[in-house]
Protein chains: 2
Amino acid sequence: MVSNVFDLEYRTRRVSALRTRLAESGCRITPQRLAILDALVNGASHPTAEEIYALVLKVSPTTSLATVYKTLDTLKALGEVQELELGSGRNHYDAVDPVAHPHVVCTQCGRIEDVRIEGASRLLEEASRASGYQLLTERLEFFGICHSCQTTKN
Amino acid sequence: MVSNVFDLEYRTRRVSALRTRLAESGCRITPQRLAILDALVNGASHPTAEEIYALVLKVSPTTSLATVYKTLDTLKALGEVQELELGSGRNHYDAVDPVAHPHVVCTQCGRIEDVRIEGASRLLEEASRASGYQLLTERLEFFGICHSCQTTKN
DNA sequence: GTGGGTGCAAAGGATTTGCACCTCC
DNA sequence: GGAGGTGCAAATCCTTTGCACCCAC
């Protein structure tokens with residue numbers, strides 16, 4: 001179920017931090033929101049709203065998909081969730097590491113993984129200088145075939 | 001109307017090349033398609049489907065939006081148009097330079113511009129090496145405030 | 001107690017599709 | 001002449017919204 005590189009201790013702390021952040025922002029802590037936070041951090045990495053919803057239902061069966069979207073909106077506004085729009089029709093969400101970072105996407109199986117790129121941090125300021133824009137954030141996404149799909153015959 | 005850096009001569013040649021490409025791919029050359037090619041290359045840079053449609057209507061008033069989308073699909077399949085999904089709800093299209101390249105996006109006025117970044121070409125192979133993916137294409141997008149919006153008081 | 005949160009259902013909006021008619025080659 | 005393209009309208013699908021009810025603080 002857990003396919004990201006962040007260990008259990010980190011993820012436990014992350015859920016606490018998100019909970020605290022919500023509370024300190026004047027938001028109420030509801031069972032639905034707790035279930036959503038858990039699904040976001042401890043479920044499969046880069047989940048869709050639908051995938052979060054499926055996990056939440058196991059714990060809180062009357063929760064609605066609309067509530068999932070509303071909570072994601074709240075977390076986005078707090079900067080605690082990054083929304084990944086990869087053109088697949090549905091968006092993915094990253095609350096484990098909400099700071100913009102590069103991703104690789106498998107165009108065959110849809111898998112999404114973080115990728116470390118030397119010098120990626122320099123790109124934003126370089127783009128700022130070259131364009132004259134006051135740049136705040138970025139999206140770095142790479143598309144291709146993952147290792148697993150490379151070795152699997154169709 | 002023309003806000004990109006590609007000059008008239010280049011754009012005229014580009015329209016010809018697209019027309020030839022369609023013909024050689026077994027596609028028919030219709031007045032609608034010619035109008036769409038012209039709008040894509042000679043209209044404002046990085047247009048939406050709706051913006052292309054508006055330009056096409058001036059020349060070919062009975063054309064439908066569905067035809068615009070279908071032709072864009074055809075050109076995408078040929079690799080002659082790049083689809084930019086910037087999360088604004090509507091997609092933008094680049095047929096002037098269909099090869100993936102970095103863009104800066106103004107979050108205030110929506111302007112999109114090409115930006116040259118030193119060493120951007122190295123990123124794909126670096127991401128390939130770091131991830132083990134067989135990467136084919138990328139998206140490099142930077143978001144912030146354009147020069148014009150910086151100097152304009154709200 | 002009360003204002004924010006929830007759940008339902010309906011709306012929204014860009015894009016896609018089905019199909020009868022048309023036209024480019 | 002016939003396959004491919006067009007135009008209309010309806011369908012799709014993710015996401016958002018309105019509103020009455022509920023519950024965390």
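The values are calculated or read from the model by the stated rules, or taken from the named source; none is laboratory data. Note that this is a predicted model, so its numbers are computed, not measured. Here Cβ is always computed from backbone atoms with ideal geometry, including for glycine, and neighbour counts include all displayed protein chains. Accessible surface areas use protein heavy atoms only, side chains included; no ligands, DNA or RNA. Shrake-Rupley method; radii C 1.70, N 1.55, O 1.52, S 1.80 Å.
Of everything in region A:76-103 that's among the hydrophobic types (A, V, I, L, M, F, W, C) and either over 13 Å from the mean Cα position of the chain (by Cα) or within 11 Å of DNA strand C (Cβ to nearest atom) (or both), which residue is most open to solvent (accessible area, probe 1.4 Å)?
My answer is A:Ala77.
Go through region B:104-129 and give me each residue that's farther than 14 Å from A:Arg129 by Cα and open to solvent by 60 Å² or more (accessible area, probe 1.4 Å).
Passing the criteria: B:Thr107, B:Gln108, B:Cys109, B:Arg111, B:Ser121, B:Arg122, B:Glu125, B:Arg129.
Looking only at residues that are of a type in the set (Phe, Trp, Tyr) and facing chain A (nearest Cβ under 7 Å) in region B:87-143, which one is farthest from B:Thr71 (Cα to Cα)?
Of region B:87-143, the ones of a type in the set (Phe, Trp, Tyr) are B:93, B:133, B:142-143.
Those still in the list that are facing chain A (nearest Cβ under 7 Å) too: B:133, B:142-143.
Values: B:Tyr133: 31, B:Phe142: 28, B:Phe143: 29 Å.
It comes out as B:Tyr133.
So which of B:Ser64, B:Ser131 ends up being over 24 Å from B:Arg19 (Cα atoms) and more than 13 Å from the chain's Cα centre (by Cα)?
On the way: B:Ser64 fails: over 24 Å from B:Arg19 (Cα atoms).
That would be B:Ser131, the only listed residue that is over 24 Å from B:Arg19 (Cα atoms) and more than 13 Å from the chain's Cα centre (by Cα).
Quick one: how many residues across region A:12-23 are farther than 16 Å from A:Asp94 by Cβ and open to solvent by less than 50 Å² (accessible area, probe 1.4 Å)? Lay out the reasoning, then the answer.
Of region A:12-23, the ones farther than 16 Å from A:Asp94 by Cβ are A:12-13, A:16, A:19-20, A:22-23.
After this cut, where a residue has to be open to solvent by less than 50 Å² (accessible area, probe 1.4 Å) as well, the list is A:22.
Number satisfying all stated conditions: 1.
Taking region B:26-68 as the search range and keeping residues that are over 13 Å from B:Val81 (Cβ atoms) and in contact with a Leu (Cβ under 7 Å, 6 or more places away or on another chain), which one is farthest from DNA strand C (Cβ to nearest atom)?
Result: B:Gly43.
Report, ordered by the first and then the second residue, all pairs with beta carbons closer than 8 Å, sequence separation of six or more or different chains, a first member in region B:12-23 that is in the same structural domain as B:Leu37 (by TED's automatic domain parsing), and a second member that is more than 16 Å from DNA strand D (Cβ to nearest atom) and open to solvent by less than 80 Å² (accessible area, probe 1.4 Å).
Pairs found: B:Arg14/B:Phe6; B:Arg14/B:Val41; B:Arg14/B:Val96; B:Val15/B:Val41; B:Val15/B:Asn42; B:Leu18/B:Val41.
I need the full set of residues from region A:24-42 which are crowded, with 20+ Cβ neighbours inside 10 Å and either assigned by TED's automatic domain parsing to the domain that holds A:Glu113 or in contact (Cβ under 8 Å) with a residue 24 or more places away in the chain (or both), in order please.
A:Arg33, A:Ala35, A:Ile36, A:Leu37, A:Leu40, A:Val41
Conditions (1) in contact (Cβ under 8 Å) with a residue 40 or more places away in the chain; (2) within 16 Å of DNA strand D (Cβ to nearest atom), marked per residue:
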residue	(1), (2)
B:Thr62	no, yes
B:Val68	no, yes
B:Ala77	no, yes
B:Gly87	no, yes
B:Arg90	yes, yes
B:Asp114	yes, no
B:Tyr133	no, no
B:Leu140	yes, no
B:Ile145	no, no
